[in-house]
1. When region 2-34 is examined, which residues are found to be open to solvent by less than 50 Å² (accessible area, probe 1.4 Å), within 30 Å of the chain's Cα centre (by Cα) and either under 16 Å from GLU52 (Cα atoms) or free of Cβ contacts under 8 Å to residues at least 24 places away in the same chain (or both)?
2. State yes or no: is ARG227 farther than 25 Å from GLU301 by Cα, touching a strand residue (DSSP E or B) at 6+ places or on another chain (Cβ under 7 Å) and open to solvent by 60 Å² or more (accessible area, probe 1.4 Å)?
3. Determine which member of the set ARG190, ARG229, ARG202, ARG212 is free of Cβ contacts under 8 Å to residues at least 12 places away in the same chain and more than 15 Å from the chain's Cα centre (by Cα).
4. Would you check if there is a residue in region 163-175 being assigned to a strand (DSSP E or B), open to solvent by 50 Å² or more (accessible area, probe 1.4 Å) and without any contact (Cβ under 8 Å) to a residue 24 or more places away in the chain?
5. Do we have VAL201 as touching a helix residue (DSSP H, G or I) at 6+ places or on another chain (Cβ under 6 Å) and open to solvent by less than 60 Å² (accessible area, probe 1.4 Å) here?
Amino acid sequence: MKSDRLLSILLLLQTRGRVPAPELAERLEVSVRTIYRDVESLSAAGVPVYAERGRHGGIGLLAGFRTDVTGLTADESRALFVLAAQGAHAALGLDAALASALRKVMAALPAPHRPAAEVTSRRVLVDATRWKSGPEQAADLAVLQDAVFCDRRLRLRYRHSGEREARTYTVDPYGLVAKAGVWYLVADRRGRPRLFRADRVRRARLLDEPVRRRPGVELADAWEELRRRVEEREGGVEVTVRVRREVADMFRRMAAAQLTAEPEDDGESPWVTARLTYPVLRAVRQLLAFSDRVELLDPPEARAELVAGARSVLALYGEAGTGEG
């Protein structure tokens with residue numbers, strides 16, 4: 001609708017200052033000609049908007065002009081109160097700020113939409129933390145936040161998974177990302193993107209040097225590259241198993257990170273077939289948790305590894321039973 005588009009233009013100009021007409025057209029998915037017609041409509045309505053043509057031109061508002069926009073729709077009002085997990089705001093020290101902001105938004109809402117927004121805040125809760133994720137070291141995000149917002153380089157002492165000793169890195173941060181309840185620092189190291197789990201940072205120190213990010217690269221760009229790299233990582237051990245039907249649902253939940261496809265189920269057999277990928281051969285021992293309700297079919301070296309793991313367990317408990325060891 002034209003009225004929604006005019007409001008979007010006004011908000012963008014208030015936020016960004018002068019914006020090129022082609023950029024506005026791309027953001028709002030209309031032609032540049034339509035943007036100039038909208039500017040004329042805003043001007044006719046008394047909004048002090050102007051357009052400058054040329055290489056360094058654009059569309060802007062006269063300095064000092066602001067407007068309070070309260071014309072939110074009912075759905076927009078509800079959407080504002082379905083926010084990210086409260087834990088994310090607490091980790092950033094923004095719980096009190098969030099509560100204050102929502103009170104101000106509630107006061108600014110059109111009166112007919114306030115009841116719906118209030119009900120939404122009581123009836124919808126977003127919790128991004130996984131079930132049974134286990135105890136984890138709390139991430140100290142204070143220094144990481146300072147580096148992100150002050151555009152400074154960071155010196156990290158960081159412990160990788162599976163290593164006992166921490167390593168030292170000097171990095172150029174792009175920002176922080178919360179995924180499934182886990183905070184990550186996205187940063188360049190020697191000009192290449194790297195991902196650091198915040199709860200594995202043993203020590204962080206701001207350096208006096210300004211950050212050295214790659215030109216034109218934003219947080220979303222770096223995160224997309226890293227996310228794709230993790231999801232498309234080659235290698236690993238591909239295995240095929242069959243699972244007792246009565247534990248198939250539990251198996252899906254517990255092995256979700258390793259499943260490469262939905263288990264095959266003909267609806268009749270007492271077994272369902274599943275395919276998984278493990279990063280290393282030894283990791284297939286995870287399947288021992290399912291006892292005789294999961295059978296590893298292929299490849300042979302994975303079966304041998306599982307047998308070796310079972311023998312180790314038997315040997316351990318055999319020694320415990322005789323009082324030895």
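The values are calculated or read from the model by the stated rules, or taken from the named source; none is laboratory data. These numbers come from a predicted model, not from an experiment. With ideal geometry, Cβ positions are generated from the backbone for all residues, glycine too; neighbour counts draw on all protein chains shown. Only protein heavy atoms, including side chains, enter the accessible area calculation; ligands, DNA and RNA are left aside. Shrake-Rupley method; radii C 1.70, N 1.55, O 1.52, S 1.80 Å.
1. Matches in region 2-34: SER8, ILE9, LEU12, LEU13, GLY17, VAL19, LEU24, ALA25, LEU28.
2. Numbers: farther than 25 Å from GLU301 by Cα: yes; touching a strand residue (DSSP E or B) at 6+ places or on another chain (Cβ under 7 Å): no; open to solvent by 60 Å² or more (accessible area, probe 1.4 Å): yes.
No.
3. On the way: ARG229 fails: more than 15 Å from the chain's Cα centre (by Cα); ARG202 fails: free of Cβ contacts under 8 Å to residues at least 12 places away in the same chain; ARG212 fails: free of Cβ contacts under 8 Å to residues at least 12 places away in the same chain.
That would be ARG190, the only listed residue that is free of Cβ contacts under 8 Å to residues at least 12 places away in the same chain and more than 15 Å from the chain's Cα centre (by Cα).
4. So far as region 163-175 goes, yes, one or more of its residues are assigned to a strand (DSSP E or B), open to solvent by 50 Å² or more (accessible area, probe 1.4 Å) and without any contact (Cβ under 8 Å) to a residue 24 or more places away in the chain.
5. Working: touching a helix residue (DSSP H, G or I) at 6+ places or on another chain (Cβ under 6 Å): no; open to solvent by less than 60 Å² (accessible area, probe 1.4 Å): yes.
Taking the combined requirement at face value, the residue does not satisfy it.
Residues are listed down the side, and each one gets a yes or a no for (1) assigned to a helix (DSSP H, G or I); (2) out of contact with any Leu (no Cβ under 8 Å at 6 or more places or on another chain):
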site	(1), (2)
LEU7	yes, yes
LEU11	yes, yes
ALA25	yes, yes
VAL30	no, yes
ARG33	yes, yes
VAL39	yes, yes
VAL47	no, no
